[in-house]
Amino acid sequence: MKFFTKYKNFDELINSSDFFVQYDVISALKQEGLKKTDYVEICRRLNRPPNRNELGMFGVMWSEHCCYRNSRPLLKKFPTTGSRILVGPGENAGVIDIGLGQKLVFKIESHNHPSAVEPFQGAATGVGGILRDIFTMGARPIALLNALRFGPLEDEKNISLLEGVVAGISHYGNCVGVPTVGGEVGFDSSYSGNPLVNAMALGLMETEEIVCSGASGIDFPVLYVGNTTGRDGMGGASFASSELSKTSIDDRPAVQVGDPFLEKGLIEACLEAFKTGHVIAAQDMGAAGLTCSCSEMASKGEVGIELNLDLVPAREKGMTAYEYLLSESQERMLFVVKPGSEKELSDLFMKWGLYVQVVGKVLKEKVVRVLHKGEVVADLPASSLADDTPIEEHLLINSLPEYLKEHWKWTEDLLPKSLNNGIINLKNNLFISWNNVLLNLLSTPSIASKNWIYNQYDYQVQSNTVVFPGEADAAVIRIRPQNEFQCQSNQDRGIASVVDCNDRWVYLDPLRGSMAAVAEAARNLSCVGAEPIAITNNLNFSSPEKKVGFWQLSMSCEGISNACRVLNTPVTGGNVSLYNDTKLSNNTVIPIHPTPVIGMVGLIENINNICKKSWLNSDDQIWMIGLPLEIKNNKDNRISLAASSYLEYIHGLKTGRPPEIDLLLEKEVQSFLRKIIEKRIVNSAHDLGDGGLATTIAECCISSGLGANIILPSSESRLDRLLFSEGGGRVLISCSENQSLELKKYYKNLSRQESISFSLSHLGNVNNRNKLSVYHSNNLLIDVNISDLIHVYKNTIFKKISK
């Protein structure tokens, strides 16, 4: 008889005669991050109160970090299927078919909260964790990327966080031997107490079988491999599902400690083990450690797992069952293997200096049963831990949040009149020349070169990096066959990858901003000649328990879905990181900008055709693809100064509604761009992003060391709109005179065959005069030495950190 189903609320339950436990329920729930309603539901499912070990297991498995209890209904709306999709959301990583017998495995995950309290280890173990997601599937890791956010560098605490995070990423990636080939970094005050550390990894798979996590084979042995288990990382999943505060420093024990050299051995040993055919299922021990790996393997395989903690290799004496189950010690894996293969696999793992031990078996009964010191210390339905988990219901507000109503009222008419030589700066009401506007934008940390950061990363290890960080709009690595595998043909293929998100745009319009993040990622891939294939995403948001927070998350998911459908880039998986808020000492809660980071991958059939952003030759012509600078309908809001870098960094205004995202325009522009790159009628390509046209031209000059002479078309538009507006799916390209003839011919023929919505505009020429000069109606607007541009662009972050 199910006695516990009759209790409708928490107070009725704990005051009943049926209820007895040997722990303080209220304090235990607080420690585990569970609600009273959760406890009632647990008792109802078990028909008994959980013991303290079991409550800890529910605490981590029912956290947002593990079960997505606030976001799961929204995630189900993502498009997840496509002709190349082999494994979508639900496994350790997504898998896509890249042809010729090869598969690409990739995923992005966050380590935000750990990095806030222990930046070095928090970031380092974030890298280690995402690598395990890749090789657990049977793929060799071939590249890393990261997306980082920090508060302003005027604050020494933010400098310390930046230094620690970058050091942690470089330490782990460099030591493990996987190149960090790309990324993005942004700075905003909303991240001062809550930095974001998102790590993305790619792996190459050349086997027929994909190693999945669902256990099978009744009585088959469960093998523990890798590092020992200690008390580090205790309750990390629950910690990652709560807001940060001044007391978060006390949660340092919840930050894991990594060993990249051991992980390198684990990579090699696992890939070797998978080749034997003895491994039935594999799961890394990340968030929630043994609890998560056991319950997920059992639930996905619709079986049970028995785990004997007395057999688990431990690095500390006297560990309790609770500590074993919730430890998040790094570099550990759990396998289900074929009976009789234990000795062969044990010898293999010991050869690589790893611990290996049979710690349990697969059960027919669909439970996770844990033994310790001869007693059953936990016995729970596997599905209750890993599959049939709670979903929080949130009411979506049906009107625009108050904070946006004022922002969306802003128009360009509210800016001072722009003059031929500059404009009044609203920050201090002083005049600033267009030269200095450009220099100021280039010296803004979010726009400036990140060379101080990426020069600490080994981006050439494995010798497959074709495009180095900072050289192009996306990273490119050569697809080199692994081990004995011989590619069927074409040894010149490559993979392009990128991470993107304009968090200011998402803050000011979550729907448009998230669409723009997907569109920009695809545009960046297209700029190197890659066909966008699929995405992984990391949804970094504030508390979903706040109406605005959940609305931002919901609108963002809708925007991602819309863009992915139009651009044909399905979602293969990702990560959700909520509760990215900082509680100040006066109880004021500061949410981060909503930051849905898009990690996108694309395929390049011939890496000899790729484009970088540098001008190639003096006298090459400079063209722009996309919406023209002068739009007949001046009310067209696909290009705007609203929500722009110019507006924020020059005038101190973070306001306005971001430009409308025309996804069909994006698709046309990107397709055209890829075709002209394939035809080799373009020498460089760089998309117009932060800072608009002038900043984009300057970046091409900086990258090449060559100057440019630009003549803007006659226009009635504001000069700052011509120079610094954003949006419009625009790309800057350069080509020789002969190539230009081919370019115009191809564009003309294409426009005859089909209706196209973008223009091809000639803007000027590359020169070797060490000058960037921009004219409009015979007026010289900008005239800056390239050496001055290089100086401010390349030295900004180093100077701010060195003060």
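The values are calculated or read from the model by the stated rules, or taken from the named source; none is laboratory data. A quick note: this is a predicted structure, and the numbers were derived from the prediction, not measured. Cβ placement follows ideal geometry from the backbone for every residue including glycine, while neighbour counts extend to all protein chains displayed. Ligands, DNA and RNA are excluded from the accessible area calculation, which covers all protein heavy atoms including side chains. Shrake-Rupley method; radii C 1.70, N 1.55, O 1.52, S 1.80 Å.
Observations
- Matching residues, segment 402-415, being open to solvent by 40 Å² or more (accessible area, probe 1.4 Å), within 17 Å of Leu508 (Cβ to Cβ) and not in a loop (DSSP other than H, G, I, E, B): Glu402, Tyr403, Lys405, Glu406, Leu414
- Failed condition for Gly193, given (1) open to solvent by 10 Å² or more (accessible area, probe 1.4 Å); (2) more than 30 Å from Leu363 (Cβ to Cβ); (3) out of contact with any Leu (no Cβ under 9 Å at 6 or more places or on another chain); (4) not acidic (Asp, Glu): (3)
- Number of residues in segment 52-72 that are modelled with pLDDT of 95 or more and open to solvent by 40 Å² or more (accessible area, probe 1.4 Å): the value is 1.
- For segment 418-451, filtered to residues that are of a type outside the set (A, V, I, L, M) and more than 29 Å from Cys700 (Cα to Cα), the residue that is least open to solvent (accessible area, probe 1.4 Å) is Asn428.
- So Ala116, is it over 22 Å from Gly602 (Cα atoms), among the small types (Gly, Ala, Ser), touching a residue at least 60 places away in the same chain (Cβ under 8 Å) and surrounded by 20 or more Cβ atoms within 10 Å (Cβ to Cβ): yes
- Scanning segment 85-109 for residues that are open to solvent by 10 Å² or more (accessible area, probe 1.4 Å) and in a strand (DSSP E or B) yields Ile85, Leu86, Val87, Pro89, Glu91, Asp97, Gly99, Lys103, Lys107, Glu109.
- Pro119 being at pLDDT 95 or above, out of contact with any His (no Cβ under 7 Å at 6 or more places or on another chain) and farther than 16 Å from Val499 by Cβ: yes
- Here the condition is being over 17 Å from the mean Cα position of the chain (by Cα), open to solvent by less than 10 Å² (accessible area, probe 1.4 Å) and of a type outside the set (Phe, Trp, Tyr); of Val518, Val466, Val528, it holds for Val528 alone.
- Residues satisfying the criterion are present in segment 676-685 (criterion: within 25 Å of the chain's Cα centre (by Cα), buried (at least 23 other Cβ atoms within 10 Å of the Cβ) and under 20 Å from Gly529 (Cβ atoms)).
- If the condition is being among the small types (Gly, Ala, Ser) and within 22 Å of Leu539 (Cα to Cα), then segment 83-122 contributes Gly88, Gly90, Ala93, Gly94, Ser110, Ser115, Ala116, Gly122.
- When the strands (runs of 3 or more DSSP E) confined to segment 266-377 are screened for residues that are open to solvent by 20 Å² or more (accessible area, probe 1.4 Å) and either under 30 Å from Asn112 (Cβ atoms) or modelled with pLDDT of 95 or more (or both), those reaching at least 1 such residues are found at 279-284, 304-308, 355-363, 367-372.
- Residue in segment 280-299 that is out of contact with any Cys (no Cβ under 7 Å at 6 or more places or on another chain), charged (D, E, K, R) and within 18 Å of Gln482 (Cβ to Cβ) present: no
- Residues in segment 1-25 that are surrounded by fewer than 17 Cβ atoms within 10 Å (Cβ to Cβ), free of Cβ contacts under 8 Å to residues at least 12 places away in the same chain and not charged (D, E, K, R): Met1, Asn15, Ser16, Ser17.
- Of the residues examined, Ser542 is not one that is part of a helix (DSSP H, G or I), touching a residue at least 12 places away in the same chain (Cβ under 8 Å), open to solvent by less than 40 Å² (accessible area, probe 1.4 Å) and polar (S, T, N, Q).
- Selection count, segment 199-220, where residues are under 15 Å from Lys361 (Cα atoms) and open to solvent by 10 Å² or more (accessible area, probe 1.4 Å): 6
- The set of residues in segment 221-260 that are part of a loop (DSSP other than H, G, I, E, B), surrounded by fewer than 20 Cβ atoms within 10 Å (Cβ to Cβ) and modelled with pLDDT under 90 comprises Arg231, Ser242, Val257.
- Gly173 being in contact (Cβ under 8 Å) with a residue 40 or more places away in the chain, of a type outside the set (Ser, Thr, Tyr) and either more than 19 Å from Lys107 (Cα to Cα) or surrounded by fewer than 24 Cβ atoms within 10 Å (Cβ to Cβ) (or both): no
- Asp509, sole failed condition from (1) within 25 Å of Gly151 (Cα to Cα); (2) acidic (Asp, Glu); (3) open to solvent by 20 Å² or more (accessible area, probe 1.4 Å): (3)
- Between Ala139, Ala123, the distinction of being under 19 Å from Glu263 (Cα atoms), out of contact with any Leu (no Cβ under 7 Å at 6 or more places or on another chain) and open to solvent by less than 10 Å² (accessible area, probe 1.4 Å) belongs to Ala123 only.
- The set of residues in segment 26-44 that are open to solvent by 30 Å² or more (accessible area, probe 1.4 Å) and either touching a strand residue (DSSP E or B) at 6+ places or on another chain (Cβ under 7 Å) or closer than 15 Å to Leu326 by Cβ (or both) comprises Gln31, Gly33.
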